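Read through the structure below, which is laid out as structure tokens, and then see the notes.
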Amino acid sequence: MDNNDILIRLRYALDVRDIDMVKIFELGGLELTPEQVRKLLIKSKETYRYNNGVEDDDQVEETEENIKCKNSTLESFLNGYIILKRGKQDPKPGQPVRPVLMKSENPNNMLLKKLKIALSLTSDDMLDILAKAGVIVTKGELSAILRSEGHKNYKECGDKYARNFLKGLAIKIRG
């Protein structure tokens, strides 16, 4: 599952309109036009994983029909969604700055963490959402997915969990 697919599924699950997506990206620190957002929401004809070694992650790479969604673009959307739902939070003095997701990293763990924050979900809520999609996960497995990457119990979130979480979220929100 590539980032464009994640963004498409996320938009559907959260029932967000294009114009609202522009505002969410703006809250996340990324200025996009409605046309660019529409191009982000078109699945690429080629199948690719993450960013395929693109050098400059901040440049928006366009083709005639679509824009490839980079990790930084997806992260901007998720940060903007958190600000939309929870409000802007000023960093506390001495608080370390969160590193930006690297272009080769898996965005699925970040997706689950940031949706948990934005929607004020508990672990039980997340387990219920996954159960709605037909996936049974233990609390321990979910806890491992939500841990920091350097932690000894960290587990990388696969596409199956992320896809089913978005499917369960769509069932919960859209009914």
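For segment 100-108, check the following and say yes or no: at least one residue is of a type in the set (A, V, I, L, M, F, W, C), more than 30 Å from A133 (Cβ to Cβ), in contact with a helix residue (DSSP H, G or I) (Cβ under 8 Å, 6 or more places away or on another chain) and at pLDDT below 95. Reasoning before the result, please.
We begin by selecting, within segment 100-108, every residue of a type in the set (A, V, I, L, M, F, W, C); these are 100-102.
Applying the additional criterion that residues be more than 30 Å from A133 (Cβ to Cβ) yields none.
No, that holds for no residue.
From the list Y161, Y154, exactly one residue is aromatic (F, W, Y) and in contact with a Ser or Thr (Cβ under 7 Å, 6 or more places away or on another chain). Which is it?
Y154
Pull up segment 4-37, narrow it to residues that are farther than 21 Å from A170 by Cα and among the small types (G, A, S), then point me to the one that is farthest from the chain's Cα centre (by Cα).
G29
The values are calculated or read from the model by the stated rules, or taken from the named source; none is laboratory data. In this text the structure is predicted, and so the values were computed from the model without any measurement. We place every Cβ from the backbone using ideal geometry, glycine too, and count neighbours over all the protein chains shown.
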